[in-house]
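Worksheet for the structure shown next.
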Amino acid sequence: MIRVAVVGVNHIGKIHCRAYRQHPDTELAAVCDLMLERAESAGLEHGVPAYTDLRELLAKEQIDLVVVATAGVEKGSHHFEPAMIAIDAGKDVHVEKPISNRIEEARTLVAAARERGVRLACNLNHRFTPAANKAKELMEAGKLGSLLFVNMRLTIQNPQEDTEWLHMRALHPHSIDVMRYFAGDIKRVQAFMTKAPGRQSWSTASVNVTFASGAVGHLTGSYDMSMRHPIEYCEVAGNEGRFVIDNVYESMTYYPHHSDELLVVRNSLFGGMQGFNDTFTHRINRFIEQVKAGDAPEKIEASGADALAAQEVIEAAIRSHQSGGMPIDVPAIG
């Protein structure tokens, strides 16, 4: 059994606690939160020791994997310290996105995990669906031919105004990761952003990208849309065919260029994904599968390095917008 400690047990942390407690190969062994009442409540709910100090937890409990589900400014400013403590202790780490809202901290985390030889995974859960799996299978079988373009859209309703860059740094690690999952590294970006009426943050964005492969792409993102309607759309096209993934997991449709017959994979009403939170379970299942198999840190899917690569794209997009839409080169991940 893999013994797991969850750090940060508010909304997202509660989802992680339940998922790791229910997984047949993991044991929720302890919880930790800076707020004593919150930590004790989670500990009581799950019947595990509760701590407010991660170092104390690691000194007293036998832990294999630390889950960092803290939040902070731009959903990421509290991730760095507990993740570094866990890495320094030689523990595998699963951190929420963004791994940090500060790019230098993200770089430090990835470098530290590589140096220490521990597995660093990120909860980039949008790629872990049957629809995405089937789409990836089609790509690897050559059904799209040579990659030409990617169109991505992720739009939700979020009134928060932490900083002017909250929308980009908190939401679009998911979007960029999905684009990179299908099309590889992004080498250049050009971004334009706008503010919805009454907003202080750049809440809607249009980002053009060029991939290292030579393919091109586009991301439309917004915090100003309705949650009543589909939130996500991904279209990937080559010279032999294209596919569309609707609303994260609802369906995948493959359109071959030389046939009128389409391939459609739909989420099953019975036995399929019951809701968005199931993406957490799918992502966690894959990470635990890789840990159990003894996969090397560099083989981890949706790794810390993948999360850093997404953050580098986001920071380049921010710089592009600040410069009036100038194309900006994205630093390569070492």
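Where helices (runs of 4 or more DSSP H) fall entirely within region 80-153, those with at least 2 residues that are open to solvent by less than 50 Å² (accessible area, probe 1.4 Å) and over 30 Å from Ser268 (Cα atoms) are at 80-88, 103-116. Can you say whether Arg199 is surrounded by fewer than 23 Cβ atoms within 10 Å (Cβ to Cβ) and either part of a loop (DSSP other than H, G, I, E, B) or of a type outside the set (Phe, Trp, Tyr) (or both), as far as the supplied structure shows? Judged against the criteria, Arg199 is a match. Considered as a group, the residues in region 161-182 that are within 26 Å of Gly145 (Cβ to Cβ) and of a type in the set (Val, Ile, Thr) include one that is surrounded by the fewest Cβ atoms within 10 Å (Cβ to Cβ), and that residue is Val178. Of everything listed in (1) in contact with a Lys or Arg (Cβ under 9 Å, 6 or more places away or on another chain); (2) among the hydrophobic types (A, V, I, L, M, F, W, C); (3) free of Cβ contacts under 8 Å to residues at least 12 places away in the same chain, the single unmet condition for Leu44 is (1). Based on this model, can you work out whether Leu28 counts as of a type in the set (A, V, I, L, M), at pLDDT 95 or above, open to solvent by 10 Å² or more (accessible area, probe 1.4 Å) and touching a His at 6+ places or on another chain (Cβ under 8 Å)? Yes: the conditions hold for Leu28. In the condition set (1) surrounded by 24 or more Cβ atoms within 10 Å (Cβ to Cβ); (2) out of contact with any Asp or Glu (no Cβ under 6 Å at 6 or more places or on another chain), Asp185 is compliant with all but (1). For Ser226, state whether it is crowded, with 20+ Cβ neighbours inside 10 Å and either under 13 Å from Arg153 (Cβ atoms) or not charged (D, E, K, R) (or both). Criteria not met by Ser226.
The residues listed here are Ile63, Ile103; of these, the one that is of a type in the set (Val, Ile, Thr) and within 18 Å of Val313 (Cβ to Cβ) is Ile103. Filtered by the rule that a residue be within 21 Å of Ile284 (Cβ to Cβ) and open to solvent by 80 Å² or more (accessible area, probe 1.4 Å), region 31-59 gives a lone residue, Glu45. Scanning region 160-209 for residues that are out of contact with any strand residue (DSSP E or B) (no Cβ under 6 Å at 6 or more places or on another chain), closer than 12 Å to Ile314 by Cβ and of a type in the set (Val, Ile, Thr) yields a single hit, Ile176.
The values are calculated or read from the model by the stated rules, or taken from the named source; none is laboratory data. Not measured: the values here are computed from a predicted model. Using ideal geometry, Cβ is built from the backbone for each residue, glycine included, and neighbour counts are taken over all protein chains shown. We work out accessible area using only protein heavy atoms, side chains counted, and drop any ligands, DNA or RNA first. Shrake-Rupley method; radii C 1.70, N 1.55, O 1.52, S 1.80 Å.
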